[in-house]
Amino acid sequence: MELLTLLVSLLTLVLGSSAIGQPPSLAFSETADGLKLGGTGLGPTIVIDTKDWPGVTRAGNDLANDFGLVTGTKGKVVTGTSGLSNVQVIFAGTIGKSPLIDGLANSGKLDLTGIQNKWESFTSQLVENPVDGVSSALVLAGSDKRGTIFALYDVSEQIGVSPWYWWADVPPKRKTVIYALNTTKKQGPPSIKYRGIFINDEQPALTNWINEKYGGKYDSRFHAKVFELLLRLRANYFWPAMWNSKFYVDDSKNGPLADEMGIVMGTSHTEPMARADKEKVKPWDWKSNQNNLKKYMEDGAKRAKNWETLWTLGMRGDGDTASPTLDATQLTAVINFQQTTLKNVLGVSDLSTVPQMWCLYKEVGGYYQKGMKIPDDVTLLWSDDNSGNIQRLPIPSELSRVGNAGVYYHFDYVGDPRNYKWINTIQLSKTWQQMHLAHQKNATQIWIVNVGDLKPLEIPISHFLDMAYDMSRFMKPDSTDTWLKAWATREFGDAVSAGTAEAIATYGKLIVRRKYELLNLSPFLYTLANYDEAENVLKEWEALQDKAQKLYDSLDAETQIAFFEMVLHPIMAGRIVQQVYINAARNGAYAKQKRMTANVLADDVKKAYAQDAVIQKRYHSLLNNKWNHMMDQVHFGYNNWQDPASNSMPSVQTIGTSAPSTGLMGVSVQGSTASTPGDAAPTLAALDPYTPENRTIDIYARGAGSVDFTITPSAPYISVSPSQGTISYPSGTPQIRAVITVDWAAAPKGASTVIISIKPSTGTEVKLSLPLNNVQVPSDFRGYVESNGAVAMEMRHFTSRTAGTGGATVEVIPNYGRTDSGLTLLPVTAGTQTVGSAPKAVYNFYAFSSAASAKVTVYMPPSFNVNPSAPFKYAIALDNGTPTTVAPVPSSTLGAMPGDWSNSVVNGGRVVSTNLGSRIDQGAHSLSLWLLEPGTTVHRLVVDLGGVKSSYLGPPESSKVGM
């Protein structure tokens, strides 16, 4: 299977197909045994029988138009087989609806093995002499309506038309010739039966855009664009906007259009029986207004009965809140009534073939956990916590349910701890970890994701729906990186695909640390003193923007628009927000030290904040204001979960320019808030050959004026660069950072101390102590090296790993978590492990310090125990010590969050520390990690030997030798 996948990938690359992941059936150069379908001055004739579904004809017309976008010559759709001599022919049709397709199958010319009676499946084959006058034709046959539609859009994607050609302005990839390969392609059924999105119009962005572009109505013109996007993405399910829309009422064409195009309509978890929230009767209370609510629900069933509908059952309180009067008994009565209504309205006695779902959202899940019985034919739609962490998945006793299970997921949310609905804040590798777990736990009936305003979330939407369509391509932990490169190739071309994939993966690691709306929580998250953390984070954002800008600059003008919308804009806009908050925090800290740099940073914050509006305007002005208002969302100045009225810049301060009596020059070092002279001169953090970060000295002006300085170490093996300079304010350079380096070959062995003198031309001299520890690990050691009492380890850099006795393994998830990578237990089906049976990863480290006990901090995602009876667990052990087993996730009931939920969600991670109680002496050690429950995932380890300093992300990764 792996060899086949490799060959397919290579073939796709050689042939230049733009489709993601699926086997190619087209080529773009002359192919000896292929069929020429189109090219410059030549378009295909697409034959679709009049008896077929109208949605198939609609997709056929889209394909005909797509040939024109790619080659300059459109195809055309016809309904009969006469007059087809000397033309390029594509036959498309649905089994049982197209006499042409059925006739080809009955005559033995078309092989339908493997797709007949399957859900949303299709085949693509070259058929010789399909009808009189046609020597060869490409035949696209679908098992059902959407199977045929997906076959047609599959050709569109392969020839170079992105599903996002309209919604993200991805230009078509021009071709001079298009050939159908002489191969049989069979695709489907999808991994997840119902796959789709929920447009959650929480205002202001999409609402304002709709007001401008569609007169304030989510009408059939708008929905035609959304439905086409979904079908091109191989999705089939849709929850319409609920807060400012009544789908079936606002435009009478909406319902019929969805059914015609092949979209299965649903409604959100809080809108039962195909009725919109804005249609609700008042009071919305089953206990006091039961008769009116029953009529409301019956009317919804009658209105949608002739269209393909996935019925939402149950109810919550008004406005998507908990009902003060609804309990499990009443909710059971509600669902029983709804099912009875469906039987009566649809005229069926058995609902097992009627798709229905009950979403266990917030307090509703608590009813189920306490024993509420739900009919077996209803899909249990499990929810995440609104922040991308699935709360519950099917347990063994639920696996035989006729209705199966699904997942309601979030890429956008309004609520606690704070709204996030501005731009993309999704780490794709985390989505993979959660949805792969859901798939393997058999939640395969429905995947629906809340996408807010849709537009800013193009990449995570594509990723989510591609997984839902064919999870077999996402079974390995590195599949997201593979997908990202394929996605970037389709949208922007092969030349920038690797760089774009790296940029998006890096963006995911940076943004998962904390969402934009939460950056102003106090105290500020990134430490300003230790590890240069705040500055280094800002440098990461700046480097990412530089990378994205270079990629953008390399593209043609047409492709730059799409790249800006999906890649460069979120990186630029995100970097601005980070810069504003980080430099506002630095401004406050520097003001306390009377650094004139504080005033420089105050100006920087103001300029960056103003630049935010410039970037917003740039986005809105694209393509003659096509996307005006899409970036209207407020994203600065939150003080609770709800949006503030407007953006507001964090406060900054400026300081006076009179110098202190000790002189104009001030000196500060890492790990200290002291400003010297004045404060006692701090000791520099110790330095050894394995210290992962630089040692630096900041020399700065503490008033108006200018002063020269020189830096002189007391030993010749110490170098400081620059060794002299001039600081000046308000003109000139108000601050200089000097970097210390050591010639370890010349330095004395073992512990020593060097004095570094910073002497100003006027004012007080500063003398700093620099402890050195010139040590060396044995030449045969392989692993991490401790420095200053800390060992920080990234998961992919294990020394060794061993499989479990049952074949389970620990596997690396690249670009996962807040810093580098993750480690997870696979396969998910392996079941609960013991230390004796579980796979293990070992991380060797060499210690120069000694400690009475070993404290190990494990960084994890903010996950839930998706099976309360089998909570996530891991075990850790030092050297040959007894393993310590840890269940990191606090227990909770459905409808209530674990005790540490808010903190872990805010911080994008759960941080768990364990004292192993083992003495550590100088020398080589090993830290063993066992993952004991599938779904348990770790993304960092830190061993504290007494030197770990307070920080958000932890110490920088320790130095490695022999690795």
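The values are calculated or read from the model by the stated rules, or taken from the named source; none is laboratory data. All of these numbers come straight from a predicted model, not from anything done at the bench. Neighbour counts are summed over all protein chains in view; Cβ atoms, including those assigned to glycine, are modelled from backbone coordinates with ideal geometry.
Observations
- Verdict on residue 700 being in a strand (DSSP E or B), under 46 Å from the mean Cα position of the chain (by Cα) and either surrounded by 19 or more Cβ atoms within 10 Å (Cβ to Cβ) or modelled with pLDDT under 95 (or both): yes
- Taken together, 482, 559, 489 contain a single residue that is part of a helix (DSSP H, G or I), crowded, with 22+ Cβ neighbours inside 10 Å and hydroxyl-bearing (Ser, Thr, Tyr), which is 489.
- Residue within the range 722-732 that is in a loop (DSSP other than H, G, I, E, B) and either over 47 Å from the mean Cα position of the chain (by Cα) or surrounded by 17 or more Cβ atoms within 10 Å (Cβ to Cβ) (or both) present: no
- Considering 514, 473, the condition of being among the charged types (D, E, K, R), outside any strand (DSSP E or B), surrounded by fewer than 19 Cβ atoms within 10 Å (Cβ to Cβ) and in contact (Cβ under 8 Å) with a residue 12 or more places away in the chain is satisfied by 473 alone.
- Unique match (being acidic (Asp, Glu), closer than 18 Å to residue 822 by Cα and at pLDDT 95 or above) among 494, 481, 532: 481
- Among residues of the range 819-842 being more than 26 Å from the chain's Cα centre (by Cα) and part of a strand (DSSP E or B), the one that is surrounded by the most Cβ atoms within 10 Å (Cβ to Cβ) is 841.
- Residue match in the range 200-222 (condition: of a type in the set (Lys, Arg), more than 21 Å from the chain's Cα centre (by Cα) and closer than 22 Å to residue 155 by Cα): no
- Residue list for the range 105-130, filter: assigned to a strand (DSSP E or B) and buried (at least 18 other Cβ atoms within 10 Å of the Cβ): 122, 123, 124, 125, 126, 127, 130
- Selection within the range 768-814 - surrounded by fewer than 16 Cβ atoms within 10 Å (Cβ to Cβ) and over 30 Å from residue 850 (Cβ atoms): 803, 805, 806, 807
- Output for the range 133-152, where each listed residue is buried (at least 24 other Cβ atoms within 10 Å of the Cβ) and not β-branched (Val, Ile, Thr): 137, 138, 140, 141, 142, 143, 146, 147, 150, 151, 152
- With respect to (1) farther than 26 Å from residue 200 by Cβ; (2) surrounded by fewer than 15 Cβ atoms within 10 Å (Cβ to Cβ); (3) under 34 Å from the mean Cα position of the chain (by Cα), the lone exception for residue 329 is condition (3).
- Criterion violated by residue 133 - all others in (1) of a type outside the set (Lys, Arg); (2) modelled with pLDDT of 95 or more; (3) over 24 Å from residue 235 (Cβ atoms) satisfied: (2)
- Within the option set 674, 738, 681, 685, being part of a strand (DSSP E or B), among the small types (Gly, Ala, Ser), within 20 Å of residue 757 (Cβ to Cβ) and out of contact with any Phe, Trp or Tyr (no Cβ under 7 Å at 6 or more places or on another chain) holds for one residue only, 738.
- Residue check, residue 235 aliphatic (A, V, I, L, M), assigned to a loop (DSSP other than H, G, I, E, B) and in contact with a Gly (Cβ under 8 Å, 6 or more places away or on another chain): yes
- Test: residue 393 is at pLDDT 95 or above, crowded, with 23+ Cβ neighbours inside 10 Å, not assigned by TED's automatic domain parsing to the domain that holds residue 826 and not in a loop (DSSP other than H, G, I, E, B): no
- Inter-residue pairs, beta-carbon under 7 Å, first touching a residue at least 60 places away in the same chain (Cβ under 8 Å) and in the range 608-625, second charged (D, E, K, R) and not in a helix (DSSP H, G or I), 6+ apart: 623/169
- Positions within the range 34-48 being touching a Leu at 6+ places or on another chain (Cβ under 7 Å), assigned to a loop (DSSP other than H, G, I, E, B) and either surrounded by 22 or more Cβ atoms within 10 Å (Cβ to Cβ) or of a type in the set (Phe, Trp, Tyr) (or both), in sequence order: 44
- For the residues 495, 443, 405, the requirement of being farther than 23 Å from residue 933 by Cβ and of a type in the set (Gly, Ala, Ser) singles out 495.
- Single residue of the range 55-104 satisfying the filter (without any contact (Cβ under 8 Å) to a residue 40 or more places away in the chain and crowded, with 23+ Cβ neighbours inside 10 Å) that is farthest from residue 41 (Cα to Cα): 104
- Restricting the range 523-545 to residues that are touching a residue at least 24 places away in the same chain (Cβ under 8 Å) and in a loop (DSSP other than H, G, I, E, B), the residue that is surrounded by the most Cβ atoms within 10 Å (Cβ to Cβ): 526
- Any chance residue 736 is touching a Pro at 6+ places or on another chain (Cβ under 9 Å), in contact (Cβ under 8 Å) with a residue 40 or more places away in the chain and not aromatic (Phe, Trp, Tyr): no
- Within the range 280-311, tally of residues that are in a helix (DSSP H, G or I) and not small (Gly, Ala, Ser): 12
- Verdict on residue 845 being of a type outside the set (D, E, K, R), in a loop (DSSP other than H, G, I, E, B) and buried (at least 16 other Cβ atoms within 10 Å of the Cβ): no
- Some residue of the range 340-358 being assigned to a helix (DSSP H, G or I), touching a Ser or Thr at 6+ places or on another chain (Cβ under 7 Å) and either at pLDDT 95 or above or over 30 Å from residue 501 (Cα atoms) (or both): yes
- Checking 914, 936, 885, 893 one by one, the residue that is in contact with a helix residue (DSSP H, G or I) (Cβ under 8 Å, 6 or more places away or on another chain) and touching a residue at least 12 places away in the same chain (Cβ under 8 Å) is 893 and no other.
- Pick from the range 620-663, criterion surrounded by 14 or more Cβ atoms within 10 Å (Cβ to Cβ) and hydroxyl-bearing (Ser, Thr, Tyr), ranking: farthest from residue 729 (Cα to Cα): 638
- Of all residue pairs spaced 6 or more apart or on separate chains, those with beta-carbon atoms under 6 Å, a first member in the range 693-720 that is in contact (Cβ under 8 Å) with a residue 24 or more places away in the chain and a second member that is assigned to a strand (DSSP E or B) and among the small types (Gly, Ala, Ser) are 697/738; 698/668; 700/666; 702/666; 706/728; 711/738; 712/757; 720/738.
- All of 365, 403 fail the test of being in the same structural domain as residue 267 (by TED's automatic domain parsing), assigned to a loop (DSSP other than H, G, I, E, B) and among the small types (Gly, Ala, Ser), apart from 403.
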